[in-house]
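The structure appears below as structure tokens.
The values are calculated or read from the model by the stated rules, or taken from the named source; none is laboratory data. These figures come from a predicted structure and were not determined experimentally. In this analysis, Cβ positions are derived from the backbone assuming ideal geometry, glycine residues included, and neighbour counts consider all displayed protein chains. These area figures cover heavy atoms from the full protein model, side chains too; ligands, DNA and RNA do not enter into them. Shrake-Rupley method; radii C 1.70, N 1.55, O 1.52, S 1.80 Å.
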Amino acid sequence: MYSSNLKGFILAMVSSAFIGSSFIIKKKGLRKAGVNGPRASSGGYGYLLEPLWWVGMLTMIIGEIANFVAYIYAPAVLVTPLGALSIIVSAVLAHFMLKEKLQKMGMLGCLLCIVGSTVIVLHAPEERSISSIEEIWELATQPAFLLYTASAVATALVLIFYCAPRYGQTNIMVYIGICSVIGSLTVMSIKAIGIAIKLTLEGTNQAKYFQTWIFAMVAITCIITQLNYLNMGKDRKRSLCA
């Protein structure tokens, strides 16, 4: 168990470095694309033709693959908080590459990320042994989790269809809220897929269960939604760090 957690910890750290770097590279790409066409924050998709944005996207994919594998080896309660370290990587790189000055409150936030991640890693519980994707499905269909899922989806829909068109351009918290709420469902589905792959590699095929494909569809939908609003948030004209 300790060995598995260590592998997950290392992979999560590597993931944070790549993902944190990708944010900066993609933002530089968004800036270049915004010069010659509609900005992503205005609903434009010209950044898809910008090579620098795709470099950032490739960097993010590498980071997300490392993060995905980390979920296979370690519990989500250990891997997920380490993702906060990507904020520190982004903040430092933004200071030097994007000339965005990091204020004192931003520094305090980075410090709290480090302290919080350290505390959670040191007290991460042992992961429950799962022998089938059906066990995860049984947990996912418990009334409490279904209530949370319904609340998360409802909140995301309100933010997407009501708040984003009205307040997205003036309040970046709208886009952050969408990514955060959807991200909570992404973590759960990615963890389920990771366990399914691990069990399949160990000789117990999980692809035969329809639950595996439902988790996969949820993960893909959530990831695409997050990427779209993440780009819109990063392309806002006014930066929080400015």
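Here the chain is assigned +1 on the Cβ of each Lys and Arg and -1 on the Cβ of each Asp and Glu. Its dipole about the Cα centre then comes out at about 1240 debye. Accessible area per residue (1.4 Å probe, heavy atoms of protein chains only) ranks W137, W53, W213 as W213, W137, W53, with the largest value leading. Calculated FRET efficiency, W54 and I214, Cβ-Cβ r, R0 30 Å, to nearest 0.05? The formula returns an efficiency of 0.50 here. Principal axis analysis of the Cα atoms in the chain yields extents of 52, 35, 32 Å, listed in decreasing size. Centre-to-centre separation between the Cα atoms of the range 88-124 and those of the range 171-213: 26 Å.
Helix-only arithmetic for the chain: the sum of -39500 (n - 2.57) across DSSP H runs with n ≥ 4, divided by the residue total, places the mean residue ellipticity at 222 nm at -25000 deg cm²/dmol.
Heavy atoms of the protein chains alone define the surface here; on that basis the range 1-127 has 54 Å² accessible area per residue at 1.4 Å probe size. Measure off, as a whole percent, the carbon and sulfur share of the 1.4 Å-probe accessible area of the chain, all protein chains present. Reported share for carbon and sulfur atoms: 72 percent.
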